[in-house]
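Notes for the one structure printed next.
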Amino acid sequence: MSLLNDSVMWEAVETCDSNYDGLFLYAVKTTKIFCRPSCKSRPPLRKNTIFFSVSAKAVKEGFRPCKRCRPDLIDAPNDSLVVVELAKELIEARYSSSFTLDELAKEVGMSKFHLQRLFKEITDLSPQKYQTRARMLRSVHLIENTSDSITDIAHVIGYKSSAYFSEVFYRYYGCTPTEFRKRRDNQ
Ligand SMILES: [Zn+2]
């Protein structure tokens, strides 16, 4: 099996390839129904097809499970959600240390490609960006509630360089950590 991308998934849909059942689902915009790849119902047009990793997400976007292939029963959406929740917890617990996607995937027991895709679909962020967000939230808390220096805060949240921390912080909040603290002090 190859890496899941749109053309691989589309081919699996066209050929009703059951090897892909459980790995993704496809939904049809015109009928508002979603199916597993092996479903024997008439294949939709490519332009009307969208792909999902978990049925919970398809349902959330207004699609109904097909009565013929019952994608809601085999997709194990809860397991997928549990895996993503676990990955989020692991990242949050160790937000200050670096990790690779490989390591994270091993810990949650899923291939890294599937994890990356699922994580992104559910959180809208990659695991790496999710970690950056956890670091930023923590840094705001420290800037607001402690008098620790910006350099110390950078180190606590896992950045070796406070210049780099400031750069990332600026991208997130539109000001530097120092400016952010000054604003707090002026309030
Ligand atoms: Zn179906």
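Considering only DSSP beta bridges where both residues belong to the range 21-92, give the percentage that are antiparallel (nearest 5).
On the way: 7 of 10 bridges.
About 70 percent, rounded to the nearest 5.
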Mean-square fluctuation check for the chain, GNM, Cα pairs under 10 Å: which of Leu23, Leu73, Leu118 is largest?
Leu73
Please turn the phi angles of the range 57-66 into ³J(HN,Hα) values with the Karplus equation 6.51 cos²θ - 1.76 cosθ + 1.60 (θ = phi - 60°), one per residue in order, whole Hz, x for glycine and proline.
5, 4, 4, 4, 8, x, 9, 10, x, 5
Two decimals is fine: what is log10 I(q)/I(0) at q = 0.11, 0.15, 0.17, 0.18 Å⁻¹ for the range 1-137, from a Debye sum with one equal scatterer on every Cα and no solvent?
-0.42, -0.72, -0.88, -0.96
Cross-link reach from Lys57 to lysines, straight Cα distance under 27 Å and at least 8 residues apart if same chain, gives Lys29, Lys32, Lys40, Lys47, Lys67, Lys88, Lys106, Lys112, Lys120, Lys129
Where does the chain land at 222 nm, in deg cm²/dmol rounded to the nearest 500, when only DSSP H runs of n ≥ 4 count, each adding -39500 (n - 2.57), divided by all residues?
-16500 deg cm²/dmol
Counting Lys +1, Arg +1, Asp -1, Glu -1, what net charge surrounds Pro37 among other residues with beta carbon under 9 Å of its beta carbon?
-1
On C-alpha positions alone, give me the angle between the axis of helix 112-123 and the longest principal axis of the chain, in degrees, nearest 10.
80
Taking each pair of distinct Cα atoms in the range 101-147 once, what is the resulting Kirkwood hydrodynamic radius in Å?
11.8
Based on alpha-carbon centroids, what's the gap between the range 114-163 and the range 92-108 in Å, whole number please?
13
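Roughly what % antiparallel, to the nearest 5, for the DSSP beta bridges in the chain? Write down the numbers at each step before the final one.
Numbers: 7 of 10 bridges.
Once the DSSP bridges in the chain are tallied, antiparallel ones form about 70 percent.
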Expressed in nanometres to one decimal, the distance between label points 7 Å along Cα→Cβ at Phe113 and Gln128 is 1.8
If the cut-off is 19 Å between C-alpha atoms, which aspartates and glutamates fall inside it for Lys60, apart from same-chain ones fewer than 8 positions away?
Asp72, Asp75, Asp79, Glu85, Glu121, Asp124
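The numbers here are math on the coordinates, done by the rules we state, and not lab data. This is a predicted model, so every value here is computed, not measured. Cβ: placed from backbone, ideal geometry, glycine included. Neighbour counts: every protein chain shown.
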